[in-house]
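One structure coming up, written as structure tokens, with questions to follow.
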Amino acid sequence: MGKADSSRGLNRRDFVKTGIAAGISVQALPVLAHSAPAAVPDRWDHSADIIIAGAGTAGLSAAIEALDHGASVILVEENYDCGGHGMVSGGRVNLGGGTSRQRAHGIEDSADAVFEDWLRHEPLVERYADRDLARVYADLSAETFEWMIENGVVFQDEILGADSRNGRTLQWPIYEELITSYPTRHGSGLLRALEKSARAKGAQILLLHKMRDLIQDPDSGRVIGFTALHEGSTLYLRGTRGVILATGGHTSNVNFRRMFDPRLTEEYQVAGEPWSAQTADGEIAAMAIGASLWGTASQTMEAGAWISKTAHIGCQWGYSSLWWQPDSPIFDKARASGLSDVNWQNVILVKQNGRRFHDETGGGHDFFAAALSYSGDPNKKNGGGPIWAIFDADAVARQEWDPTPPNVDPAGYFFSAGSLTELAGKIDNPHQTIAMPGAALEETVARYNSFVDAGVDEDFGKRNPRYKIQTPPFHAAWSTPILHDSLCGLRVDTRCRVMNLRGEPIAGLYAAGESMGGFPQHGLGRCALFGRVAGRDAASA
Ligand SMILES: Cc1cc2nc3c(=O)[nH]c(=O)nc-3n(C[C@H](O)[C@H](O)[C@H](O)COP(=O)(O)OP(=O)(O)OC[C@H]3O[C@@H](n4cnc5c(N)ncnc54)[C@H](O)[C@@H]3O)c2cc1C
């Protein structure tokens, strides 16, 4: 609302009062499409030029850029530490366009070449990019790589080669610390450096603070702050020049992710958990004041890094490169490391009804389509339900696994028994909505064993099914697929200003990183780059 009515000498409060007095339904007042769920407080708890929700790759990058442009900055972060997904990421940084590192390795590149990569017909994910945003990415790509170095990121002197999906050259920072005890978590080298730089330049970082609702100026509609929950209290934070949403997308929010794909019910793992969650809080707060989403096709097409097969089985979180070990500072949350290096010839995968659904060695989008299909429970209409790897003592010996804690999680994610019927009866997990019928599991295994004898999988075409499942004890290990990236989010313009449903910028509000839609790249490069764009623009407001 605002300007038109204000110019007639009627501010929003007057308008609402007048409307109600005149018997106009409050719901019908168009002004409410722009009204904030949180009212302007009498007193602000914290104030800065720019306030940022989320201290991951995008939030920290936005903070540094804003500080460099003379703004004061407060970040709120709901976790006990900074870094978000980037902290546990592989750290492969997708930035090119003619970086100093590329030049040192004799690689010719340019902004135009980066842009053209994003316009190629294949692979699919690029085709769905907003071309205005792709141009921004292309133009700032090399600059953002140098900016990382200026802000203390130390890269290995190694080029990892052009990645066909992301199109550009990948580079690894030197890792700083291990959250997962897995030696390739190079992302910590990036995120810790950004955090140190942001703090050194004066950022105030409020940990264990959860952003909730945006606050708008009642007259102009400009976003001027947000509420944050901290230790049971609601705090009011003001951002006089801008508010930046960098809460990292929506992978952890079941309700939100089901907008794009109703199959994505509760049972799916999320890469990056249990370290940090992608809550959709930024998107929800912005949508509550009329923001638009963008590029939603990127989330639903069967391409790109939105889902992956679990690599470590028998634990709740088994993303391939996150191998939780007992010396991890959050192992109490992860609880188990999982059984690794799975040879899918050693197991069959069954749904909660004890039935196979696909060739276990598969992992393409046909595998996921089958995994997310009917679960065997007629009352569970969406989602594929839990998926269990079933194997026997011979498989354990072949794999040299030790199926005991802390390798496996008997609290709902790993079960063993002397017979298949007994095993089926033991499976007890919050997402197992029906008891697995023992007879069905017996039948499935007997049929599979007959395929091993015949050398042909008549049901799903697994090539040379190799090993029978016949020697007790038998085991069931959690193997439900993993959701990875948020590939769509809030609509922004080339300045990262959040747009409303009419395609107009919402004054004072910015988004970057996985909370932002339109540029469905996997990862750190786009999150840092667009974070910088948001921080710079907000600082110059
Ligand atoms: C296992 C793994 C490996 C990866 N490997 C790579 C790789 O090698 N290369 C690559 O380019 N990319 C990789 N990625 C992707 C990359 O890490 C992410 O795309 C990127 O870090 C996302 O940054 P972000 O700032 O948008 O979101 P996030 O990193 O998710 O940060 C969002 C932050 O906001 C916080 N937050 C959420 N809600 C609130 C709230 N309401 N209030 C306050 N704070 C909130 C979260 O706790 C989090 O700290 C990987 C991701 C994972 C999970």
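Readers should treat all values here as calculations from the given coordinates under stated rules, not as data from a laboratory. Not measured: the values here are computed from a predicted model. Every residue, glycine as well, gets a Cβ built from its backbone with ideal geometry; the counts of neighbours run over all protein chains shown.
Name the residues whose placed amide hydrogens come within less than 5 Å of the amide hydrogen of Q316, ignoring near sequence neighbours (fewer than 5 apart) on the same chain.
So Q316 has HN proximity to A336.
I've got another one for you. When all C-alpha to C-alpha distances in the range 455-516 are sorted into bins of 10 Å, what percent of pairs does each bin hold, rounded to whole numbers?
17, 22, 16, 11, 14, 17, 4
With each run of n ≥ 4 DSSP H residues scored as -39500 (n - 2.57), what mean residue ellipticity at 222 nm is computed for the chain after dividing by its residue count and rounding to the nearest 500 deg cm²/dmol?
Calculated mean residue ellipticity at 222 nm is -8000 deg cm²/dmol.
With N residues in the range 222-376, what two-decimal value do you get for its Cα radius of gyration over 2.2 N^0.38 Å? Let's see the in-between values first.
Working: Rg = 19.0 Å, N = 155, 2.2 N^0.38 = 15.0 Å.
The range 222-376 yields a ratio of 1.27.
At q = 0.08, 0.10, 0.13 Å⁻¹, what log₁₀ I(q)/I(0) does the chain have when each alpha carbon counts as one equal point scatterer in the Debye sum?
-0.57, -0.84, -1.23
When DSSP beta bridges are limited to those with both residues in the chain, what percentage is antiparallel, rounded to the nearest 5?
So the antiparallel bridges in the chain amount to around 65 percent.
Counting Lys and Arg as +1 and Asp and Glu as -1, what is the net charge of the other residues whose Cβ lies under 13 Å from the Cβ of H230?
-2
Continuing with this model, one more query. What is the chain's relative contact order, in percent, from Cα pairs under 8 angstrom and six or more apart in sequence?
Relative contact order here is 21 percent.
So for the range 193-268, considering every pair of alpha-carbon atoms, how many percent are separated by more than 22 Å?
Tail fraction, whole percent: 47.
Please grab the % of Cα pairs in the range 299-399 that end up more than 24 Å from each other.
On the way: 1488 of 5050 pairs.
Counting pairs separated by more than 24 Å, the tail of P(r) holds 29 percent.
State, in angstrom, two size descriptors of the range 379-425 derived from its alpha carbons: Rg to one decimal place and Dmax to the nearest whole number.
When restricted to the Cα atoms of the range 379-425, Rg and Dmax are 13.0, 39 Å.
Using +1 at the C-beta of Lys and Arg and -1 at the C-beta of Asp and Glu, which of L293, T310, F256 has the Cα lying farthest in the positive direction of the dipole of the range 216-315?
L293
Could you go through the range 323-336 in sequence order and give the Karplus-derived ³J(HN,Hα) for each residue, using 6.51 cos²θ - 1.76 cosθ + 1.60 with θ = phi - 60°, rounded to whole Hz, and x for Gly and Pro?
10, 5, 10, x, 7, 5, x, 10, 5, 4, 7, 6, 6, 7
Something else: How many lysine pairs are close in the chain, with Cα atoms under 20 Å apart and the two 8 or more places apart or on different chains?
Lysine pair count for the chain: 9.
Additional query: Enumerate the amide H contacts of M516 below 5 Å, restricted to partners 5 or more residues apart or on another chain; note that Pro and chain-start residues carry no placed amide H.
L490
Let me ask something additional. For L293, list long-range residues whose amide hydrogen, built 1.01 Å from N in the peptide plane, is under 5 Å from its own amide hydrogen.
Hits under the 5 Å cutoff: R491.
Something else now. Across the range 63-75, in residue order, what do the Karplus-derived ³J(HN,Hα) couplings come to in whole Hz, using 6.51 cos²θ - 1.76 cosθ + 1.60 with θ = phi - 60° and x for Gly and Pro?
Per-residue couplings from phi come out as 4, 4, 5, 5, 4, 4, 9, x, 8, 8, 9, 10, 10 Hz.
Can you tell me how the range 307-483 classifies by the Cα gyration tensor, rounded, prolate or oblate, using a/c under 1.5 as the rounded cut?
Rounded is the answer for the range 307-483, as its axis ratio a/c remains below 1.5.
Oh, and also: Return the sequence-ordered ³J(HN,Hα) values of the range 47-54 in whole Hz as given by the Karplus equation 6.51 cos²θ - 1.76 cosθ + 1.60 applied to θ = phi - 60°, using x for Gly and Pro.
Coupling constants for the range 47-54: 9, 8, 4, 10, 10, 10, 9, x Hz.
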